[in-house]
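Novice: Before anything else, here's the structure in question.
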Amino acid sequence: MEILHVGAECYPIAKVGGLADVIGALPKYQNNTENNVNVIIPCYQTAFRLENDFDCVHSGKLKLGNFNFPYSVLKETSNKLGFNLYLIEIPELFDRPDIYNYRDDIERFLSFQIAILDWISEWITMPDIIHCHDHHTGLIPFMKKYCPKYEKLKNISTLITIHNGLYQGIFTFNKLYYLPEFDLINIKELEWGNCINSLAAAIKSADKITTVSPSYLNEINYSDNGLETLFQRVRDKSKGILNGIDTDIWDPRKDPMLESNYSISNINEGKQKNKEQLCSLFNMDPTKPLFSFIGRLYNEKGADLLPKVVPSVLTTYKNEINFLILGYGDVRIENELKQLLDEYKGNYHLHIGYNEELAHKTYAGSDFILIPSRIEPCGLNQMYAMRYGTIPIVRRTGGLKDTIIDFEDNGNGICHDQATVEDICDAIQRAVNLYSNKDIIDQIKIKGMNTDHSWEHISQEYIELYNLIIAKRHEN
């Protein structure tokens, strides 16, 4: 089977969040003697692009309304990621360091999608399936289905995976002319809420829809930023498949970023060494329980609650616990967290920005990781944490609900129901009380480390879904 994964991010080339981790891992586990797997993302000016070798395998010009852009398709030469990696180079639009948040993002990602379809149209042998990820690739199923320019591609099956339905790629109809020509009788397939909605177009046009956890599929039917009734309408072609993690990269036994590698057999000794090294970086006492937060500092992650949670718990426990936050995002939240540094020096540290190595060290050196999300389609942090013997404290929502069961129910973490300061502080209090009970703590850690969240069986679930889609298309 010839499989194309198309997305805006892919670890280690370009990463903002969990989307990159999924696109960097799932294809690797699908690539074998039966499947040829390709990943296509934009060519950003990242360190990976500059430090690795690429061959230009195609070049052309794409038309975006009245504009023409030269583009090139670059192929990574060493196959070091375990799959074929292609970058779409559009110099005027993607020769920038950041992935998102430019004023012309609509033009950037629409041109990216057009370039992909233009290129594929010249292939001698067509791919079997195009697996699209999030709204940045959401117009591919529509254009493939309705634009005469891509008639040759009509028999290719398409699947859209929704990693986060809050972001939908919405733009007004005055940019409709950007799209290749199509019969306006089909314009309703683009429209949602009197705008062009890229995610809605994908949901309508793709052969199948997946979400990154079963619970998230249920949740978006009644709460998803305006698309609820659309999801209800297409429920019969939707499926929730829980994400996995790349256990080759996230493995405390051989992780090169750690101070000391460890396994279940020496978990306490190994974690203590990593905790001591981590605490020494930030002048914190390694004998105290360490609570961490790793992620983007946005309301959807519950990060707006942290400026009240941190002083509340540090005051309650008279500085007998430590708190470490790694993240970036909303400037207001960042500034509120910065204002706490002087008052709680020695027990609290904040690192603004993303640092992959520091994240690995934090998973290994922390006792508990806090994930108080309002919305969490899947969540990978709790899986990374368990892999490293760190106990997740999570709100019951989305993929967190699917992966973490409270320890009082013989589970693998600590759970709370509401994204409120009170609920989070209560959960932290339960963790502090638990910390002194070494036997139960060890049981929870070991249970987490023994949990299998690898991609092996999940990747096969996607392969089976592809085969189902392809077979149904051939029937029609």
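The values are calculated or read from the model by the stated rules, or taken from the named source; none is laboratory data. All of these numbers come straight from a predicted model, not from anything done at the bench. Cβ placement follows ideal geometry from the backbone for every residue including glycine, while neighbour counts extend to all protein chains displayed.
Novice: Restricted to the range 329-359, and to residues that are of a type in the set (V, I, T) and in a helix (DSSP H, G or I), which residue is farthest from T287 (Cα to Cα)?
Specialist: Applying the first criterion (of a type in the set (V, I, T)) to the range 329-359 yields 331, 333, 352.
Among the residues that remain, those that are also in a helix (DSSP H, G or I) are: 331, 333.
Working: V331: 32, I333: 29 Å.
Per the stated criteria, the residue is V331.
Novice: For I40, indicate whether it is in contact (Cβ under 8 Å) with a residue 60 or more places away in the chain, of a type outside the set (F, W, Y) and outside any strand (DSSP E or B).
Specialist: Considered against the rule, which asks whether it is in contact (Cβ under 8 Å) with a residue 60 or more places away in the chain, of a type outside the set (F, W, Y) and outside any strand (DSSP E or B), I40 comes out as no.
Novice: List every residue pair whose Cβ atoms sit under 6 Å apart, with the two residues 6 or more apart in sequence or on different chains, where the first one lies in the range 333-349 and is among the β-branched types (V, I, T) and the second, anywhere, is not in a helix (DSSP H, G or I).
Specialist: Between residues of the range 333-349 that are among the β-branched types (V, I, T) and residues that are not in a helix (DSSP H, G or I), the close pairs are I333/L297.
Novice: For the structure I just gave you, tell me whether K271 is assigned by TED's automatic domain parsing to the domain that holds I444 and touching a helix residue (DSSP H, G or I) at 6+ places or on another chain (Cβ under 8 Å).
Specialist: Numbers: assigned by TED's automatic domain parsing to the domain that holds I444: yes; touching a helix residue (DSSP H, G or I) at 6+ places or on another chain (Cβ under 8 Å): yes.
So K271 fits the description; yes.
Novice: Residues being touching a residue at least 60 places away in the same chain (Cβ under 8 Å), assigned to a strand (DSSP E or B) and surrounded by 22 or more Cβ atoms within 10 Å (Cβ to Cβ): count how many of those fall in the range 295-314.
Specialist: Qualifying residue count for the region: 1.
Novice: Applying the selection to the range 360-389, what residues are over 18 Å from L400 (Cβ atoms) and part of a helix (DSSP H, G or I)?
Specialist: Across the range 360-389, the qualifying residues are H360, K361, T362, A364, G365.
Novice: Using the structure shown, decide if V16 is at pLDDT below 95 and β-branched (V, I, T).
Specialist: yes
Novice: In addition: Among the residues of the range 100-125, which ones are aliphatic (A, V, I, L, M) and modelled with pLDDT of 95 or more?
Specialist: I106, L110, I114, A115, I116, L117, I120
Novice: Still on this structure, I have one more. Residues of the range 283-294 being surrounded by fewer than 20 Cβ atoms within 10 Å (Cβ to Cβ) and within 28 Å of the chain's Cα centre (by Cα), which ones?
Specialist: If the condition is that a residue be surrounded by fewer than 20 Cβ atoms within 10 Å (Cβ to Cβ) and within 28 Å of the chain's Cα centre (by Cα), then no residue fits.
Novice: Could you please give the count of residues in the range 348-375 that are at pLDDT below 95 and either buried (at least 20 other Cβ atoms within 10 Å of the Cβ) or outside the structural domain of R430 (by TED's automatic domain parsing) (or both)?
Specialist: 1
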